[in-house]
Amino acid sequence: MTENKKTITKFYDAFANGDASKMCECYHPNVEFIDPVFGSLKGNDVCQMWEMLIARSNGDIKIKLSDVKSNDYHGAAVWVATYNFGKNKRAVVNSIRAEFFFQDGLIRRHTDDFDIWKWSKQALGLTGYLFGWTGFMQNKIHRNALRSLKKYQKTNL
């Protein structure tokens with residue numbers, strides 16, 4: 001197993017165990033994270049996003065990792081997150097394709113890709129089903145995610 005494959009595995013093992021600080025040990029200080037919900041986050045905002053997501057899950061998140069691949073500079077994996085979302089506790093099963101670029105043995109860039117419409121149908125119910133495919137709704141999801149992160153940072157850091 002390559003060192004980078006070990007890092008990817010450590011990251012998701014920590015996530016499965018609700019340990020955001022151990023997840024963040026896998027990141028380069030100048031990490032950039034990109035996904036369809038949060039957009040682009042950098043540095044400490046990335047770790048704080050994971051802290052917030054773990055805190056909000058109240059231990060009710062399951063992570064399944066598969067297809068981990070890596071070389072000296074690049075890695076990829078597939079992971080599935082199963083959790084309940086929002087105040088209505090809607091069941092979500094999100095299949096995510098992750099891509100990693102490494103620097104100094106740490107994750108320098110982490111990109112998660114998933115079908116945001118499929119996610120919104122599960123997380124938001126009828127509203128997500130009807131409007132989750134639109135740019136308007138996707139932008140609203142993004143703005144709400146960033147607003148939640150800023151609020152979390154103000155009250156927890």
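Points worth noting:
- Check on Leu146, at pLDDT 95 or above, surrounded by fewer than 19 Cβ atoms within 10 Å (Cβ to Cβ) and under 18 Å from Arg56 (Cα atoms): yes
- Qualifying positions in region 22-43 - outside any strand (DSSP E or B) and either more than 16 Å from Lys151 (Cβ to Cβ) or touching a Ser or Thr at 6+ places or on another chain (Cβ under 9 Å) (or both): Lys22, Met23, Cys24, Glu25, Cys26, Pro36, Gly43
- Residues in region 57-68 that are surrounded by 15 or more Cβ atoms within 10 Å (Cβ to Cβ) and farther than 14 Å from Asn17 by Cβ: Val68 only.
- Among the residues of region 99-132, none is identified as closer than 28 Å to Lys5 by Cβ, loosely packed, with under 15 Cβ neighbours inside 10 Å and aromatic (Phe, Trp, Tyr).
- Scanning region 70-80 for residues that are of a type outside the set (Phe, Trp, Tyr) and either touching a Leu at 6+ places or on another chain (Cβ under 9 Å) or surrounded by fewer than 18 Cβ atoms within 10 Å (Cβ to Cβ) (or both) yields Asn71, Asp72, His74, Ala76, Ala77, Val78, Val80.
- Test result for Ser95, among the hydroxyl-bearing types (Ser, Thr, Tyr), more than 22 Å from Arg143 (Cβ to Cβ), surrounded by fewer than 18 Cβ atoms within 10 Å (Cβ to Cβ) and over 14 Å from the mean Cα position of the chain (by Cα): no
The values are calculated or read from the model by the stated rules, or taken from the named source; none is laboratory data. Small disclaimer: the values here were computed from a predicted structure and weren't measured. Here the Cβ is made from the backbone with ideal geometry for all residues, glycine too, and neighbour counts use every protein chain on show.
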